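Encoded as structure tokens, the structure appears first; notes follow it.
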Amino acid sequence: MAETRGSAVGSVQGPELIYALDIGTRSVIGMLGTVEGDRVQIRAIEKHLHTRRVMMDGQIEDIGQVAAAVQAVTKRLEQSAGCHLTRACVAAAGRALRTERGHGQKELPAPTPVDQQLVAQLEAAAVADAETALHDSEDDSQRMLLVGYTVTHSTLDGYPMATLLGHTGRVLEADVVATFLPGGVIDSLYAVMRQAGLEVASLTLEPIAALNAAIPAELRLLNLCLVDIGAGTSDIAVCRDGSVVGYTMATVAGDEITEALMREYLVDFSTAEQMKANLSTGKDIQFVNILGLEQSCSPTDVEAVLAPAADSLAREIAQRVLALNGGAPSALFLAGGGSKLPTLQEKVAAALEMDPKRVAIAGGHFKNTVCSDTLSLEDPEYTTPLGIAVSAGLGLISDSCQVQLNGAPAKLFRSGSLTAMELLMMNGYTYSDLLGRSGKPLVIQVDGRRTVFHGEPAQPAQLRINGADAQPSTVVQAGDQVLFTPGKAGSDCRLTAEELMQRLRVARITVNGIVPDPSQEIVSGDCVVITQTEAPQPQAPPVQPTPEETAPLPPPPRPPCTIFLNNEAITLPAKSDGAPYYVMDFLERSGIDFQHVQRPVVLHVNGAECTFQQVIKEGDRVEIGYADEAVEL
């Protein structure tokens, strides 16, 4: 249960007040700000160090202790603001962040103008390809959430294009960099916020937030890299040609530097942290070791002790940057508390074989997006909290409170338009949740003929936006109320020998050459032979019902109809209950294994996108297939 915080003033946080909260491995930093023109005015900053190691490599381990630190920062900021804070903007750590590349291709039967739907299908296919690569290399038990993706390259009929929209061509291709995060990272962050009595106002990734603070959008035409060195992780983001092209992280960061001091000088963790902070003063460092002895050493001595750890950190950063960017960037910015380590700039430049003048400490561009009348904001340690404030205040991320999913704020990670399918994937759902699965059929041999008894059809997913049925490709708008019920698998077909005889209308059978017990379950692959057909039953004389017993006549059976499924003609017998056929009835016949779907599936009737419940009529042309392999009607 969240603790109730007191407030000196009875007012409650207004919509104009931004509370940016950076929950880090070593500390919690909170900032209050308001939007002033095209910048965020920072009005208060508070920092609280964790009293012990309650987070490792950016991952929350002790929810209660981290929530207590958040409450301490919140209470001090409430005193500064004179109001009760109820919501905060946060960022998820880049720990275990996974980036995968994906490729999508779509071939059209003739040159066709490229509209938004074709672009969406192409990008979805590329993201699905990245998902497949991710699942091939990850433990299936770990729930991974799509954070977002960036199109890095697209071609039309083999020619590179900055954008495909509006052009005419036949072969469309796109490459994307898709980013995923374990669901547990987000779940623990939300748990801390609930326990601290705060609502999540917006959510982004720490490397995205840091990039928004350190590198303005107008500079992203250049190939630039930002490395945010925290205590537990070093988050890395790369941009070029106007877009962010990838994120990654390294688990080597400031803690390794601190631990080197602990080993060399026999001090505890907090003393080593203080020694590291005092390096920048240039004065001799005084400390007491674990034996109670007062010690002194010069900054030069400490830097020599830290040289191996700093070399290792620089090499790890360089390796990650080279792998993500494909080479050294044009320039690199170091951010975070770990960037203050003396000589680290030179070591990173050497590891990347870059001119040292092209590696700088972040902070020089903060003034483009933030300002303050009373506070100094140039500290690189402020990169992430400033980025959180800027991202939320200047509309650089989607506002999680603006979209409700099943009655709760949806978790959104990126800006720009989002389809309902992307929204669901960001909140842990998959394509198979959308489609469901029909029950397994029972397939046996009856008198030498293959006979199929179908399982129950799947109950398709229900997707509604603002009370109306919606399609997965529907773009979600701010303020939308999204309701989603995952598809439910139908029951497998299971028959006993007695039930099978009733279905076949026979008196006796053998199963695999043996007369079965009536309760014996029939399994797929069984060979059934009919040994005695059922004698016709004598007809009872007709009975005239009384008026009270008269029931309405059942609807006349529908005649057989012929439809086309993926361009193949299928004649459908009338259903015994007179019901029509729906799109969902054909999922099992499409050849797609809906139990393991990890790529976008398209559903069309007569060329138009449809829902699972659409009624199928005589002559309809139904398309069910992967978005990148769709059958053209």
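The values are calculated or read from the model by the stated rules, or taken from the named source; none is laboratory data. Since this is a predicted model, take the numbers as computed values, not measurements. Quick reminder, even Gly has a Cβ in these numbers, built from the backbone with ideal geometry, and neighbours come from all protein chains shown.
Quick notes on this one:
- Single match in Val622, Val602 (criterion: at pLDDT 75 or above, in contact with a Leu (Cβ under 6 Å, 6 or more places away or on another chain) and not assigned by TED's automatic domain parsing to the domain that holds Gln471): Val622
- Test: residue in region 243-252 that is buried (at least 23 other Cβ atoms within 10 Å of the Cβ), among the hydroxyl-bearing types (Ser, Thr, Tyr), touching an Asp or Glu at 6+ places or on another chain (Cβ under 8 Å) and within 15 Å of Arg315 (Cα to Cα): no
- Number of residues in region 472-482 that are part of a loop (DSSP other than H, G, I, E, B) and surrounded by 15 or more Cβ atoms within 10 Å (Cβ to Cβ): the value is 4.
- Checklist (1) under 25 Å from Ser27 (Cα atoms); (2) crowded, with 22+ Cβ neighbours inside 10 Å applied to Val359, failing item: (1)
- Scan of region 261-284 for residues that are among the small types (Gly, Ala, Ser) and modelled with pLDDT of 85 or more, ordered by number: Ala272
- Some residue of region 539-559 being of a type in the set (S, T, N, Q) and at pLDDT 80 or above: no
- Just one of the listed residues (Ser188, Ser234) is crowded, with 24+ Cβ neighbours inside 10 Å, under 23 Å from the mean Cα position of the chain (by Cα) and not charged (D, E, K, R), and it is Ser234.
- Test: Ala88 is crowded, with 16+ Cβ neighbours inside 10 Å and closer than 17 Å to Ala44 by Cβ: yes
- Any hit, region 62-77, residues being crowded, with 18+ Cβ neighbours inside 10 Å, in contact (Cβ under 8 Å) with a residue 60 or more places away in the chain, touching a Phe, Trp or Tyr at 6+ places or on another chain (Cβ under 7 Å) and closer than 18 Å to Ala392 by Cβ: no
- Checked against the criterion of being under 42 Å from the mean Cα position of the chain (by Cα) and farther than 27 Å from Ala351 by Cα, the candidates Gln286, Gln274, Gln319, Gln295 yield just one match: Gln274.
- Residue pairs whose Cβ atoms lie under 7 Å apart, sitting 6 or more positions apart in sequence or on different chains, and linking a residue in region 371-398 that is farther than 18 Å from Ala217 by Cα to a partner that is of a type in the set (S, T, N, Q), are Ser372/Gln41; Pro380/Ser339.
- Qualifying residue in region 426-435 (condition: modelled with pLDDT of 80 or more, over 29 Å from Ala608 (Cβ atoms) and not acidic (Asp, Glu)): no
- Within region 96-117, residues that are within 15 Å of Met144 (Cα to Cα) and modelled with pLDDT under 85 reach partners that are of a type in the set (Gly, Ala, Ser) and in a strand (DSSP E or B) with beta carbons closer than 8 Å, at six or more positions or on different chains, in the pairs Thr99/Ala178; Thr99/Gly246; Glu100/Ala178.
- Subset of region 499-519 (residues that are in a helix (DSSP H, G or I) and surrounded by fewer than 16 Cβ atoms within 10 Å (Cβ to Cβ)): Glu499, Gln502, Arg503
- Members of region 466-486 that are at pLDDT below 80 and of a type in the set (Gly, Ala, Ser): Ser473, Ala478, Gly479
- Ala67 vs. criteria among the hydrophobic types (A, V, I, L, M, F, W, C), assigned to a strand (DSSP E or B) and modelled with pLDDT of 90 or more: no
- Selection count, region 74-123, where residues are on the phi < 0 side of the Ramachandran plot and either touching a Pro at 6+ places or on another chain (Cβ under 6 Å) or part of a strand (DSSP E or B) (or both): 24
- Residue check, Ala124 buried (at least 23 other Cβ atoms within 10 Å of the Cβ) and within 25 Å of Thr233 (Cβ to Cβ): no
- Looking only at residues of region 483-498 that are assigned to a loop (DSSP other than H, G, I, E, B) and within 22 Å of the chain's Cα centre (by Cα), we find that the one that is farthest from Asp585 (Cα to Cα) is Pro486.
- Of all residues in region 286-302 being part of a helix (DSSP H, G or I) and touching a helix residue (DSSP H, G or I) at 6+ places or on another chain (Cβ under 7 Å), the one that is surrounded by the most Cβ atoms within 10 Å (Cβ to Cβ): Val302
- Number of the condition not met by Glu78 [criteria: (1) closer than 25 Å to Glu378 by Cβ; (2) acidic (Asp, Glu); (3) at pLDDT 90 or above]: (1)
- Check on Thr562, out of contact with any Leu (no Cβ under 6 Å at 6 or more places or on another chain), at pLDDT 80 or above and surrounded by 13 or more Cβ atoms within 10 Å (Cβ to Cβ): no
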